[in-house]
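Heads up: the structure comes next, in C-alpha coordinates.
The values are calculated or read from the model by the stated rules, or taken from the named source; none is laboratory data. Values in this document were obtained by computation on a predicted structure and should not be read as measured data. Please note: Cβ atoms are built from the backbone with ideal geometry, for glycine as well, and neighbour counts cover all protein chains shown. Surface accessibility is based on the protein's heavy atoms, side chains included, excluding ligands, DNA and RNA. Shrake-Rupley method; radii C 1.70, N 1.55, O 1.52, S 1.80 Å.
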Amino acid sequence: MAGAGGAGEAAMALLEIRGVSKTFGAGDAAFVALRGVDLDIRAGEFVAILGASGSGKSTCMNILGCLDTPTAGHYHFRGVDVGRLDRDQLALL
(Lines give C-alpha, C1' and ligand atoms only; values in the text may rest on other atoms or scores of the structure.)
Protein backbone atom coordinates (compact mmCIF):
# COMPACT_ATOMS: atom_id res chain seq x y z
CA MET A 1 0.00 0.00 0.00
CA ALA A 2 1.66 3.25 -1.10
CA GLY A 3 0.63 6.46 0.64
CA ALA A 4 1.18 10.04 -0.35
CA GLY A 5 4.85 9.65 0.58
CA GLY A 6 5.45 6.78 -1.84
CA ALA A 7 6.54 3.19 -1.40
CA GLY A 8 9.23 4.00 1.19
CA GLU A 9 6.65 5.43 3.56
CA ALA A 10 4.42 2.38 3.20
CA ALA A 11 7.30 0.08 4.22
CA MET A 12 8.15 2.04 7.37
CA ALA A 13 6.23 1.16 10.52
CA LEU A 14 4.16 3.95 12.04
CA LEU A 15 4.83 2.51 15.51
CA GLU A 16 7.72 0.14 16.19
CA ILE A 17 8.75 -1.31 19.53
CA ARG A 18 11.73 -3.61 19.91
CA GLY A 19 12.68 -5.59 23.00
CA VAL A 20 10.40 -3.48 25.22
CA SER A 21 10.29 -4.55 28.85
CA LYS A 22 8.71 -2.90 31.87
CA THR A 23 9.46 -3.78 35.47
CA PHE A 24 7.73 -2.19 38.44
CA GLY A 25 9.51 -2.14 41.79
CA ALA A 26 12.92 -3.61 42.57
CA GLY A 27 14.54 -6.58 44.26
CA ASP A 28 12.22 -9.22 45.68
CA ALA A 29 9.22 -6.94 45.09
CA ALA A 30 9.94 -6.50 41.34
CA PHE A 31 7.08 -7.31 38.99
CA VAL A 32 7.80 -7.78 35.28
CA ALA A 33 4.77 -6.49 33.36
CA LEU A 34 6.34 -6.77 29.88
CA ARG A 35 9.31 -8.83 28.75
CA GLY A 36 10.99 -8.32 25.36
CA VAL A 37 7.95 -7.23 23.34
CA ASP A 38 8.37 -6.58 19.59
CA LEU A 39 5.57 -4.95 17.61
CA ASP A 40 5.17 -3.11 14.30
CA ILE A 41 2.03 -1.19 13.39
CA ARG A 42 1.84 0.28 9.91
CA ALA A 43 -0.33 3.18 8.75
CA GLY A 44 -3.88 2.04 8.05
CA GLU A 45 -3.65 -1.15 10.10
CA PHE A 46 -6.19 -2.02 12.78
CA VAL A 47 -4.64 -3.79 15.76
CA ALA A 48 -6.11 -5.46 18.84
CA ILE A 49 -4.03 -6.25 21.90
CA LEU A 50 -5.52 -9.28 23.64
CA GLY A 51 -4.52 -11.19 26.73
CA ALA A 52 -5.53 -12.41 30.14
CA SER A 53 -5.91 -10.08 33.09
CA GLY A 54 -2.46 -9.01 34.28
CA SER A 55 -0.72 -9.90 31.00
CA GLY A 56 0.57 -6.35 30.35
CA LYS A 57 -2.01 -4.98 27.88
CA SER A 58 -2.51 -1.69 29.75
CA THR A 59 1.22 -1.32 30.38
CA CYS A 60 1.88 -1.77 26.65
CA MET A 61 -0.82 0.78 25.76
CA ASN A 62 0.59 3.28 28.29
CA ILE A 63 4.01 2.98 26.66
CA LEU A 64 2.55 3.33 23.14
CA GLY A 65 0.59 6.40 24.30
CA CYS A 66 3.74 7.94 25.84
CA LEU A 67 2.17 7.90 29.30
CA ASP A 68 4.94 5.62 30.60
CA THR A 69 8.44 4.65 29.54
CA PRO A 70 9.89 1.17 29.09
CA THR A 71 12.51 -0.15 31.49
CA ALA A 72 14.37 -1.58 28.48
CA GLY A 73 14.01 -1.61 24.70
CA HIS A 74 13.20 0.99 22.07
CA TYR A 75 10.03 2.67 20.82
CA HIS A 76 10.00 4.52 17.48
CA PHE A 77 7.12 6.61 16.17
CA ARG A 78 7.44 7.39 12.46
CA GLY A 79 11.14 6.61 12.73
CA VAL A 80 11.74 8.92 15.72
CA ASP A 81 13.16 7.37 18.91
CA VAL A 82 10.50 8.33 21.46
CA GLY A 83 12.94 7.73 24.34
CA ARG A 84 15.03 10.70 23.20
CA LEU A 85 12.14 13.18 23.19
CA ASP A 86 11.72 15.70 25.99
CA ARG A 87 8.41 16.37 27.73
CA ASP A 88 7.34 19.15 25.34
CA GLN A 89 8.16 17.05 22.27
CA LEU A 90 6.18 14.12 23.68
CA ALA A 91 3.18 16.40 24.21
CA LEU A 92 3.27 17.38 20.52
CA LEU A 93 3.55 13.76 19.38
Expressed as a whole percentage, what fraction of the accessible surface of the stretch 39-89 belongs to carbon and sulfur atoms when a 1.4 Å probe is rolled over the protein heavy atoms?
53 percent
Using θ = phi - 60° and Karplus 6.51 cos²θ - 1.76 cosθ + 1.60, couplings along the stretch 46-54 (whole Hz; Gly, Pro as x):
10, 10, 10, 10, 10, x, 5, 4, x
Anyone know which of Gly51, Gly19, Gly36 comes out most mobile in the 10 Å Cα GNM of the chain?
Gly51
Calculated from DSSP helices alone, with each H run of at least 4 adding -39500 (n - 2.57) and the total divided by the residues of the chain, [θ]222 nm to the nearest 500 comes to -5000 deg cm²/dmol
Per residue, how much accessible area does the chain show when a 1.4 Å probe rolls over the protein heavy atoms, in square angstrom?
69 Å²
With the cut-off at 1.5 for a/c, could you classify the chain from its C-alpha gyration tensor as rounded, prolate or oblate?
prolate
Computed magnitude of the charge dipole of the stretch 18-93 (debye, nearest 20; Cβ of K, R +1, Cβ of D, E -1):
80 debye
Just how much of Met12 is accessible, in Å², when a 1.4 Å probe is used and the result is rounded to the nearest 10?
90 Å²
At Lys57 and Leu14, where each label point lies 7 Å from the Cα along Cα→Cβ, what is the point-to-point distance in nanometres?
2.0 nm
Pairwise FRET efficiency - Arg42 versus Ala91, Cβ, R0 = 30 Å, nearest 0.05
0.75
